[in-house]
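S.K.: This is the structure I want to talk about, given as structure tokens.
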Amino acid sequence: MKQKTISRSAKCAGVGIHTGAKAGLSFKPAAIGTGIRFVRTDIKGKPSIPAVIDNVNSINRGTVLGNGEVKVHTVEHVLAAISGLGIDNLLIELDGVEVPAADGSSSIFVKLLDQAGIVEQDAPRKVAVLTEPFSYEENGIQFLLLPNKTLKISFHIEYPNPIVGCQFDSLEINADTFREYIAGARTFAFFEDVEQLKKEGLIKGGSLDNAVVIDGDKILNSEPLRSPKELVRHKILDLLGDLYLLGVPLRAHIISSKSGHPSNINLVRKLREQLNKSNSAIKLIPGGAPAEKSGIQVESTGSMTMGINQILERMPHRYPFLMVDRILEFEPGKRVVGIKNVTINEHFFQGHFPGHPIMPGVLIVEAMGQAGGLLMMKSVPEPENKVVYFMSLDKIKFRRPVFPGDQLRMVLEMLKFRHRICKMKGCGYVGDDLVAEAEMTAMVVDRDTIPDNEGR
């Protein structure tokens, strides 16, 4: 894998979303080993600021880089485009203080870089490779990083708003997926926060042309959401941009819950600290070659599926209480996606709202729990001698009913697993619609320690 730059210059101009200042931006090719550098052409001497974590100056509603008195505001969207397209060396010339907001996404930057032509350079690309699990938590925001063959991001957001609610997406990050799913996702804000942001001196250039504005149960923009997952995908976009301040591309599966710029930047600082250590969970590998195995052995990250016969071999449940028909994706220690085909022949429809059949909410949660149990059982030795007991359920929400004929898709992400106790985040979907969500804590116990009921 070789380093990349662009073959010719490309430029655009616009207004910064926070400062309201106009600026022209030009992408220019850079030599091997240059990295990503912002150059302020409007200042005498044209000072440059390398896009690295040590130069982060502020993280209030955006990422600001600084070198002394010289600053560049809101760099995350352009850095996300550079990261997503796999560019290593680039000069970004600015004749103003802030990167143009464009439409609030990375689309314009992707278009410009593609027009400029992305080319390989005659030098290997250095890649930071995670070799063992790494976690970070602050103020209820959680990151879990797991070794993976590529960069993958799984992101969960939750807001007390009917437009946003609970959203989740999980994507392997490469140039194709970035262009198709992430680049066009716009930044968003809530109408009730606008006045406070203005008092803080922010969003001076904000408008419905460069942000999605949500007011209660409606969007104020004339353009609707570009996809049902646009809002969570913008969070992935922001995280990608902030992650590139590590200074090298990262190869890991990042599972993020509710993070924003401050926590993203703190995560990158922690990763940079690890990278600077000789004996750490993250290694710098020339050309992205496989890293040597660490002391912690990590199971293969490839996805696999399970049919009903394999599920029956692993699950203690049987009809009418088996709630998982198929496993579509399975990554041990990380994530499972299962389905439950809901038919009118289900036994519970006989007495649950007769004449208006809907699936009981408690059974939706049970179905998610069973899928999560499969995920847990694959993470312990001798699973045939174990069973899963759920200890607590938290933050349960039901978003819409599940009817006969629906296919319930359960997505479970493992958040923590220590000493046989696991915490998972579960979301249930019908199509692209979120129908239910919950946080689950469960314990794996040995079958031979389970008491029977004799003498009771």
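Values in this text are rule-based calculations from the coordinates and carry no lab data. Keep in mind that what you see is a predicted model, and the values were worked out from it rather than measured. Methodologically, a virtual Cβ is constructed for each residue, glycine included, from the backbone with ideal geometry; neighbour enumeration extends over all protein chains shown.
S.K.: Which value at 222 nm does the chain reach when only helices count, each DSSP H run of 4 or more adding -39,500 (n - 2.57), with the total divided by all residues and rounded to the nearest 500 deg cm²/dmol?
M.R.: Working: 7 runs with 78 residues, N = 456.
Here the helix-only value at 222 nm equals -5000 deg cm²/dmol.
S.K.: Out of segment 184-270, which GluC sites (Glu not before Pro) are coil in DSSP terms and have no more than 12 other C-beta atoms within 10 Å?
M.R.: Details: sites: Glu192, Glu195, Glu200, Glu230; in loops: Glu200.
When the GluC sites (Glu not before Pro) of segment 184-270 are filtered for loop state and at most 12 Cβ neighbours within 10 Å, Glu200 remain.
S.K.: Around Val194, under 14 Å between beta carbons, what's the net of Lys plus Arg minus Asp minus Glu among the other residues?
M.R.: Numbers: positive: Arg61, Lys198, Lys199, Lys204; negative: Glu192, Asp193, Glu195, Glu200, Asp215.
Every neighbour counted, the sum reads -1.
S.K.: Listing Phe191, Phe398 from the residue with the fewest other Cβ atoms within 10 Å to the one with the most, what is the order?
M.R.: Details: Phe191 13, Phe398 16.
Final ranking by Cβ density, sparse to dense: Phe191, Phe398.
S.K.: Another one. Quick check: net charge around Ser9, other residues with Cβ under 13 Å of its Cβ, Lys/Arg +1 and Asp/Glu -1? Let's see the in-between values first.
M.R.: On the way: positive: Arg8, Lys11, Lys28; negative: Glu93.
Net of charged neighbours comes to +2.
S.K.: Counting alpha carbon pairs within less than 8 Å and at least 6 residues apart, what relative contact order, in whole percent, applies to the chain?
M.R.: Details: 1005 pairs, mean separation 66.2, N = 456.
About 15 percent, as a whole number.
S.K.: May I pose another question? Can you give me the angle between helix 107-116 and the longest principal axis of the chain, using Cα atoms only, in degrees from 0 to 90, rounded to the nearest 10?
M.R.: Between the helix axis and the principal axis of the chain, the angle is about 60 degrees.
S.K.: For the pairs Lys71/Lys229; Lys111/Lys235; Lys111/Lys334; Lys334/Lys395; Lys28/Lys71; Lys4/Lys283, note any where the Cα-Cα span goes beyond 29 Å. Mind showing how you got there, number by number?
M.R.: On the way: Lys71/Lys229 33 Å; Lys111/Lys235 20 Å; Lys111/Lys334 34 Å; Lys334/Lys395 21 Å; Lys28/Lys71 19 Å; Lys4/Lys283 21 Å.
Over 29 Å apart, Cα to Cα: Lys71/Lys229; Lys111/Lys334.
S.K.: Mind listing which trypsin sites (Lys or Arg not before Pro) in segment 44-107 are in a DSSP loop and have 16 or fewer other Cβ atoms within 10 Å? Each step should come with its number before you reach the end.
M.R.: Numbers: sites: Lys44, Arg61, Lys71; in loops: Lys44, Arg61.
Those that pass, being in a loop and sparsely packed, are Lys44.
S.K.: If you fit an axis through the alpha-carbon atoms of helix 261-275 and take the longest principal axis of the Cα set of the chain, what angle between them do you get, 0 to 90°, nearest 10?
M.R.: Approximately 90 degrees, to the nearest ten.
S.K.: Could you please report the charge total around Arg61, scoring K, R as +1 and D, E as -1 over all other residues with beta-carbon less than 11 angstrom from its beta-carbon? Don't jump to the answer; show the numbers that get you there.
M.R.: Working: positive: none; negative: Glu76, Asp193, Glu200, Asp238.
Net of charged neighbours comes to -4.
S.K.: Quote the relative contact order of segment 180-221 in percent (integer), defining contacts as alpha-carbon pairs under 8 Å separated by 6+ residues. Could you put the intermediate results ahead of the total?
M.R.: Numbers: 33 pairs, mean separation 18.3, N = 42.
Dividing the mean separation by the residue count of segment 180-221 yields 44 percent.
S.K.: Which one is right for this structure if semi-axes √(5λ) of the Cα gyration tensor in Å is calculated from it: [x] 43, 27, 18; [y] 33, 27, 26; [z] 87, 20, 18?
M.R.: [x]
S.K.: Among Phe353, Phe38, which comes first, then next, by fewest other beta-carbon atoms within 10 Å? Provide the component values of the computation, followed by the final result.
M.R.: Numbers: Phe353 12, Phe38 25.
The order, fewest Cβ neighbours first, is Phe353, Phe38.
S.K.: Mind scanning Lys2/Lys277; Lys258/Lys386; Lys46/Lys204; Lys149/Lys423 and naming the pairs with a C-alpha gap bigger than 28 Å? Don't skip to the end; give the middle numbers.
M.R.: Numbers: Lys2/Lys277 25 Å; Lys258/Lys386 33 Å; Lys46/Lys204 26 Å; Lys149/Lys423 24 Å.
With Cα atoms farther than 28 Å apart: Lys258/Lys386.
S.K.: Can you give me the angle between helix 230-243 and the longest principal axis of the chain, using Cα atoms only, in degrees from 0 to 90, rounded to the nearest 10?
M.R.: Helix 230-243 sits at roughly 60 degrees to that axis.
S.K.: Going highest first, how would you order 307-316, 86-95 by mean Cβ packing within 10 Å? Each step should come with its number before you reach the end.
M.R.: Values: 307-316: 13.6, 86-95: 21.0.
My ranking of the peptides, most packed first, is 86-95, 307-316.
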